[in-house]
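Please read the structure below before turning to the comments.
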Amino acid sequence: MGNICYYNGKFMPSCECCIPVTDMAIQRGIGTFESIRIYNGRPFALSQHIERFAQSVEGAGIDGSKTTGQLESIIREGLKRPDCPKEGLAKPFATGGDINNRGLFPEPRFFVIFEELHPSPAEDYTNGAVLVPNKIDRPYPLIKSINYLMAFIPLAHAPADVLESLYITPEGDITEAMTSNFFLCVGGKIITAPVGRVLKGVTRGVILTLAKENGFEVEERCPKESELAQADEAFVSGSVKEVLPIVRIGSQKIGTGRPGPVAQRLQQLYTANLDRWME
C-alpha cells in the first residue's frame, strides 16, 4: 500500500502531489507540520495535534483561516479510504505560499500526507540508541517548523549508529532532540525540559501523565549536560518512537550503557493505555 495525499480538495497518490518552486517552503523554509500517529486506522490524540498545528501556523505568521478548521474532517475522511495505511502517520502541512508580506504569509498551501509507518529498528529498543550533541539552542521551539537544517548538520560527520542530534545550549541546558522530547533520570527523578523551552510534545504529555499516575517523581526543568555522567538512564519520546531508551550521548555513556527500567516501564504503560487517547 502506497502513501496518499490530500491536496487542492482531493486525494491522490503522494507521488502526484507537488508544489511550485516559488513556494516560501522552498525559497525560505517557511512551513509547519504535524505527525499524527495512526493505530489500526484510528488517530492518536487527534485534537491535541490539531490544536498544536493551529498554534504553529499562527506562530509562523501563516494564515490558517482556510486550513486548520477543516483538518479533522480531512483526516477522518482519509482514514476511511481503502488506500490509506492503517498503521502510519497523518501529516498535515501548511507552507508559506508564494507571498511574503514582511513575515506574514496570507496565501499558504495546505496538504495532508497519509504515510506508512517506518518505526525505529527493534534493536534500538533492545540495545538503546545514541544521540550526538548539537551545541545550539533550538529557535522558536513552540513552532513545529519544517526547517530541520540546524538539527541535521551535526549528523553529517556523526558515526553511523547515531539516531539523531540533541540540542544542548552553550550554557549546558539540554532541551530536546531533533524529532523527540528528551528525558533524563537522575537521583530517582525523571527530568525533562519545560514547554516553552521545548515543543509541547503530545507523546511527552502522555508520558508525563502516566509517570505521575504511577508514582514516578517528575521535575520539569532543563537537564544539565553536567548531569549526564551521574544519570541512571535516558530516553526520548515521540509519535513514532513512543518511548525509546538512550544509552550514549556523544562519547558519554548513560548509566550502565544499557536500556533502563524506567523507559521499559513507561513503554509498557504507554502501550497499555493507548485507548485513553484514541479519537
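No value in this document is a laboratory result; all are computed from the given coordinates. The structure displayed is predicted, hence computed values, not measured ones. All Cβ positions, even for glycine, are placed from backbone atoms using ideal geometry, and neighbour counts span all protein chains on display.
How high is the FRET efficiency from Asp98 to Asp173, r the C-beta distance, R0 41 Å, rounded to 0.05?
Numbers: r = 38 Å, r/R0 = 0.93.
Using R0 = 41 Å, I get an efficiency of 0.60.
Report the extension gain between Ser73 and Tyr148 in nm, rounded to one decimal, defined as 0.36 nm multiplied by the number of residues separating them, less their alpha carbon distance.
Working: separation 75, 0.36 × 75 = 27.00 nm, distance 2.85 nm.
So the chain would gain 24.1 nm between Ser73 and Tyr148.
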Go ahead and estimate [θ] at 222 nm for the chain from helices alone: -39,500 (n - 2.57) per DSSP H run with n ≥ 4, summed, over the residue count, rounded to 500. -6000 deg cm²/dmol
First obtain the Kirkwood hydrodynamic radius of the chain from its Cα pairs, then insert it into the Stokes-Einstein equation at 10 °C and 1.306 mPa s, and state the resulting D in µm² per second as a whole number. 81 µm²/s
Specify the angular offset, from 0 to 90 degrees and rounded to the nearest 10, of the alpha carbon long axis of helix 46-59 from the longest principal axis of the alpha carbons in the chain. 80 degrees
For region 23-59 and region 115-137, write down the distance between their C-alpha centroids in whole Å. 21 Å
Hey, got a sec? Which trypsin sites (Lys or Arg not before Pro) in region 35-133 land in a DSSP loop and have at most 10 other Cβ atoms within 10 Å? Lys80, Arg102
Name the most mobile residue of Thr179, Thr169, Thr95, meaning the one with the largest mean-square fluctuation, in a Gaussian network model of the chain with Cα contacts below 10 Å. Thr169
Of all DSSP beta bridges having both residues in the chain, the percent classed as antiparallel (nearest 5) is 75 percent
How much of the DSSP bridge set in region 122-277 is antiparallel, in percent, rounded to the nearest 5? 60 percent
Which of Thr175, Thr67, Thr22 fluctuates most in a GNM of the chain (C-alpha springs under 10 Å)? That residue is Thr22
Suppose we look only past 27 Å in the calculated P(r) of region 122-277. What percent of the Cα-Cα pairs does that tail hold? 15 percent
Candidates Leu244, Leu131, Leu155, ranked by Gaussian network fluctuation over the chain, Cα under 10 Å, top entry: Leu155
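What FRET efficiency, computed as 1/(1 + (r/R0)^6) with R0 = 35 Å and r the Cβ-Cβ distance, is obtained for Ser120 and Ser226, rounded to the nearest 0.05?
Details: r = 28 Å, r/R0 = 0.81.
After rounding, the FRET efficiency stands at 0.80.
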Averaging over every viewing direction, what projected area does the convex hull of the Cα atoms of region 67-106 cover, in nm²? 3.8 nm²
With axes computed from alpha carbons, what is the tilt in degrees of helix 202-213 against the longest principal axis of the chain, rounded to the nearest 10 within 0 to 90? 40 degrees
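Taking 0.36 nm per intervening residue step and subtracting the Cα-Cα distance, what contour gain separates Ala160 from Lys212 on full extension?
Residue separation times 0.36 nm, minus the Cα-Cα distance, leaves 15.2 nm.
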Taking loop as defined by DSSP and a crowding limit of 13 other beta carbons within 10 Å, which GluC sites (Glu not before Pro) in region 13-115 fit? Glu87
Intensity falloff of region 107-148 expressed as log10 I(q)/I(0), Debye formula with alpha-carbon point scatterers, at q = 0.28, 0.33 Å⁻¹: -1.02, -1.12
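Where the only charges are on Cβ atoms (+1 Lys, Arg; -1 Asp, Glu), what is the dipole of the chain about its Cα centre, to the nearest 20 debye? Can you show the working numbers first?
Working: 29 positive and 33 negative charges, 37 e Å.
Roughly 180 debye for the chain.
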Could you calculate, for region 23-79, the ratio of the Cα radius of gyration to the Kirkwood radius, expressed as Rg to Rh? 1.01
